[in-house]
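Throughout, read-outs are computed from the coordinates displayed, never taken from laboratory work. A quick note: this is a predicted structure, and the numbers were derived from the prediction, not measured. When we count neighbours, we look across all protein chains shown, and the Cβ atoms used for this are built from the backbone with ideal geometry, even at glycine.
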Amino acid sequence: MNTATTTVNGHSAGHEGHGHHPAGLMRWITTTNHKDIGSMYLWFSFAMFLVGGCMALTIRSELFQPGLQLVRPEFFNQLTTLHGLIMVFGAIMPAFVGFANWMLPLQIGASDMAFGRMNNLSFWLLPPAALLLVTSMFVPGGAAAAGWTLYPPLTIQQGMGMDMAIFALHILGFSSIMGSINIITTIFNLRAPGMTLMKMPLFCWTWLVTAFLVIAVMPVLAGAVTMTLTDRHFGTSFFSAAGGGDPVLFQHIFWFFGHPEVYIVIIPGFGVVSQVISTFSRKPLFGYASMVYAVAAIGILSFTVWAHHMYTVGMPVTAQLYFMYATMFIAVPTGVKIFNWTATMWRGSLSFETPMLFAIGFIFLFTVGGFSGLVLAMVVVDVQMQDTYYVVAHFHYTMVAGALFSAFAGAYYWLPKWTGHMYNEKLGQVHFWLSFIFFNMTFFVQHFLGIAGMPRRIPDYALQFTDFNQISTIGAFGFGLSQLLFLYNIITCIKGGPKAPAKPWEGAEGLEWDVPSPAPYHTWEVQPVVK
Amino acid sequence: MFGFGYALIPLYPVVCGVLGINQTGVDDRPVNTQVDSSRLVTVEFDTNVHNMAWTFKPLAGHLSVHPGELVQVMFEVTNTRDVPVTGQAIPSYGPPLAAEHFRKLECFCFNKQTLAPGERRQMPVVFVVDSALPKEIATITLSYTFFEVEGNRRAESSSGSAHNVKEGV
């Protein structure tokens, strides 16, 4: 695909020393450089990953035994809510925006993102939003405790922590909309000569689709939480039944945002995995065009299935059947992708470096998550399973083993390009295997708990669920601690290690491997010509 | 799209109305297709006690039902004595041909009834008149007679059999 001959970017390295940008702290605050901003996004998301992870471990500690040991039930609810919000909006989404900032301009031969200052703003909106979420735990009444889905009537009743969460969501929404505008403009306007849309690496394509999804649905979420806000303080009754509103309507609006949102989280990961699988199979991606169409189809279909999250709210059978079939239909384009990845590996010259391990782990576990999603798509089953740990297991297979594993794959894949050093391969593989084993230990047993009827978001449980919960808690601590290996590996990789060549992976293709490692501060100031 | 979020508020009821899928709150209980609504049969209730100090009466003397329709009626019985008394109700039908088309699903006559001194009790009968009921039968009389069950006092002579008694069910 990207067999690019390039006009050599000879003088770009020379620019690195130019002191025309502030040093020290001001460099980071005022930067408009896509690599600086990408790095900040990635560090921010890793920090939030650890914060959200600590909340998850507190939750799992409480669930180690039946009864109440560590936290009060109100605080437990705040933890589940903030864990969800922080992981989705603070960790996973910014991680992939970070990848986009770093890699999109390199991959399409652009010198930077289209709107540098907006890029800076969209990053710097994140820390205040994160601060709002985290500090809301310390205000009277505590943080939002209605679950990350923010269903009324709970959201209408809670204290000021809910207002802080709503405001944080507004800010996060602004940030991701601006980031998406930037990405779309960059892709449409700044591609190198000859880099047609259908020659773009799949990571660019997946981000293009994702960016459109973000622009389409984040404002809908903003509308929903604004309506909640006015219901709380300004006497409106959108969702307040006391004033003639309809709490169920919130769920419709929320999931009209929420279902595309889960694809916003996973689709960039599809792009990363596509490139990693192709590189370490030393083959071009099988069915490139069908991959592009499948991603676009998933994006479009994601708008048509929202009510499968709410089968039990009281819906006519006609509607339930429609949403059931539409949901199952999404398995078709998703299946196309899974088969294409498998076909790419088929008879490839495989090698199993850390990025490849995470990508293959992604394919395995994401498929498991996809299948449990199909199970939950069936109305008759969902009526039984909804709000149990089966649902928790399902979406962690897609969010953790899906989105997070693909982010790990991407991080290891591009670390040499970012830092100029090779990471510790052995440590990376240990990180993968520990993550893989402990992830399954944490979440696979939750399928059994859910089928047996253990409800989610409850700090206590019946005695017979104890064994599986203890396995899950031990797995969660193993998984959490394994991530410190990742942090250690990254820090040592930044500080030193074997020098990475411009193209550290034998099978890699694409313009990003034509610039030296580490990528100089300014790249592609003269655009390459792609033939 | 922010405005679209707000537009969804009025939009959802409209879309549901247009597509005819807004059935929540509408009675969607299954319709009994076995009811023959073209016919009406009058069911009369007759109550007797045989040598007992009980009063026994239906709450409604008669009603009209469609064949196939599930109907519940209530009877009231009172023990006027100052000792507990056990009784058993025996049903009979007129015309006798109606008996095989009169399906009782629930009846106080299925069990012995023991009433405490002075106790008043309301008891249900749930029945369906079979739609195979011959066309010429327009009125069914259901007659119950309470007999005291032997135990507290010796049974009377078998004068009860003078009635055309047919065991129910």
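Which whole-number percent gives the relative contact order of region A:288-399, counting Cα pairs below 8 Å spaced six or more residues apart?
The value is 29 percent.
Using θ = phi - 60° and the Karplus curve 6.51 cos²θ - 1.76 cosθ + 1.60, what whole-Hz ³J(HN,Hα) does each residue of region A:376-391 get, with Gly and Pro shown as x?
Karplus values, whole Hz, x for Gly and Pro: 6, 5, 6, 4, 4, 6, 5, 4, 7, 8, 4, 6, 10, 5, 4, 5.
Viscosity 0.692 mPa s, temperature 37 °C: what is the translational diffusion coefficient of chain A from Stokes-Einstein with a Kirkwood Rh over Cα pairs, rounded to a whole number of µm²/s?
139 µm²/s
Taking 0.36 nm per intervening residue step and subtracting the Cα-Cα distance, what contour gain separates A:Ile300 from A:Leu70 on full extension?
Fully extending the segment from A:Ile300 to A:Leu70 adds 78.4 nm.
Between A:Ile451 and A:Lys426, with labels modelled 7 Å along Cα→Cβ, what's the label distance in nm to one decimal, could you check?
So the label points at A:Ile451 and A:Lys426 sit 4.1 nm apart.
Which aspartates and glutamates, on any chain, are close to B:Lys57 with Cα under 18 Å apart, when same-chain ones fewer than 8 places away are left out?
Within the straight-line cut-off, B:Lys57 pairs with B:Glu44, B:Asp46, B:Glu76, B:Glu106, B:Glu119, B:Glu148.
B:Ala138 versus A:Asp460, label points 7 Å from Cα toward the beta carbon: distance in nm?
It works out to 6.7 nm between the two label points.
Nearest 20 debye, what's the magnitude of the dipole of the protein assembly as shown about its Cα centre given +1 on Lys and Arg Cβ and -1 on Asp and Glu Cβ?
1620 debye
Would you grab the residues whose amide H sits under 5 Å from the one on A:Val529? Only those 5+ places off in sequence or on another chain, please, with H modelled 1.01 Å from N.
Result for A:Val529 returns A:Thr7.
Using the count of nearby Cβ atoms within 10 Å as a rough guide to exposure, how do A:Tyr488, B:Tyr12, A:Tyr311 rank from fewest to most?
A:Tyr488, B:Tyr12, A:Tyr311
Please list, ordered by chain and number, the residues whose modelled amide H lies under 5 Å from the amide H of A:Tyr461; skip anything fewer than 5 residues away on the same chain.
A:Gly67
Going by how many other Cβ atoms sit within 10 Å of their own, how do A:Ile267, A:Ile156 line up, fewest first?
Ordered from fewest to most neighbouring Cβ atoms within 10 Å, A:Ile267, A:Ile156 come out as A:Ile156, A:Ile267.
Output wanted: per-residue J couplings in Hz (rounded whole) for region A:97-107, from phi through Karplus 6.51 cos²θ - 1.76 cosθ + 1.60, θ = phi - 60°, x for Gly and Pro.
5, x, 4, 4, 4, 5, 9, 4, x, 5, 6
Between B:Val49 and residues 5 or more places away or on another chain, which pairs have amide H atoms under 5 Å apart, with H built 1.01 Å from N, and which residues are they?
Result for B:Val49 returns B:Phe146.
Tell me whether region B:34-149 comes out rounded, prolate or oblate; compute the Cα gyration tensor, take square roots of the eigenvalues as a ≥ b ≥ c, and use a/c under 1.5 as the rounded threshold.
It is prolate, given that a/c is not under 1.5 and a/b is the larger ratio.
Would you please classify the overall shape of region A:489-531 from the alpha carbon gyration tensor, given that a ≥ b ≥ c denote the square roots of the eigenvalues, rounded means a/c under 1.5, and beyond that prolate means a/b larger than b/c while oblate covers the rest?
Note, shape of region A:489-531 comes out oblate.
By how many degrees, between 0 and 90 and to the nearest 10, does the Cα long axis of helix A:405-419 differ from the longest principal axis of chain A?
Between the helix axis and the principal axis of chain A, the angle is about 30 degrees.
For an R0 of 35 angstrom, estimate the FRET efficiency from the Cβ-Cβ distance between A:Arg347 and A:Val375 and round to the nearest 0.05.
The pair A:Arg347/A:Val375 has a calculated efficiency of 0.60.
Normalising by the residue count of region B:34-149, find the relative contact order in percent from Cα pairs under 8 Å and 6+ residues apart.
Once normalised by length, the contact order is 38 percent.
When a footprinting reagent is the concern and you count Cβ atoms within 10 Å, what order do A:Lys503, B:Lys57 take, fewest first?
B:Lys57, A:Lys503
Starting at the first residue of region A:176-192, write each ³J(HN,Hα) from the Karplus equation 6.51 cos²θ - 1.76 cosθ + 1.60 with θ = phi - 60°, in whole Hz, x for Gly and Pro.
Calculated HN-Hα couplings, in order: 6, 5, 5, x, 6, 4, 4, 5, 4, 4, 4, 5, 6, 10, 10, 5, 5 Hz.
Excluding residues fewer than 8 places away in the same chain, name every one of the aspartates and glutamates whose C-alpha is closer than 18 Å to that of A:Lys503.
In chain and number order, the partners are A:Glu353, A:Glu425, A:Glu512, A:Asp514.
Counting pairs of alpha carbon atoms under 8 Å apart in space and at least six apart in sequence, what relative contact order in percent does chain A give?
About 22 percent, as a whole number.
Assign one of three labels to region A:228-280, namely rounded, prolate or oblate, based on the Cα gyration tensor with a ≥ b ≥ c the square roots of its eigenvalues; rounded applies when a/c is under 1.5, prolate when it is not and a/b is larger than b/c, and oblate otherwise.
prolate
So for the pair A:Gln384, B:Asn111, with labels modelled 7 Å out along Cα→Cβ, what separation do we get in nm?
3.4 nm
Subtract the Cα-Cα distance of A:Leu321 and A:His233 from 0.36 nm times their separation in residues, and report this length gain in nm to one decimal.
Extending this stretch completely gives an extra 27.9 nm.
Please check which bits of region B:61-90 a label hung off B:Arg103 would reach, taking the label as a point 7 Å along Cα-to-C-beta and the cut-off as backbone N under 11 Å.
Under cut-off, by backbone N: B:68-70.
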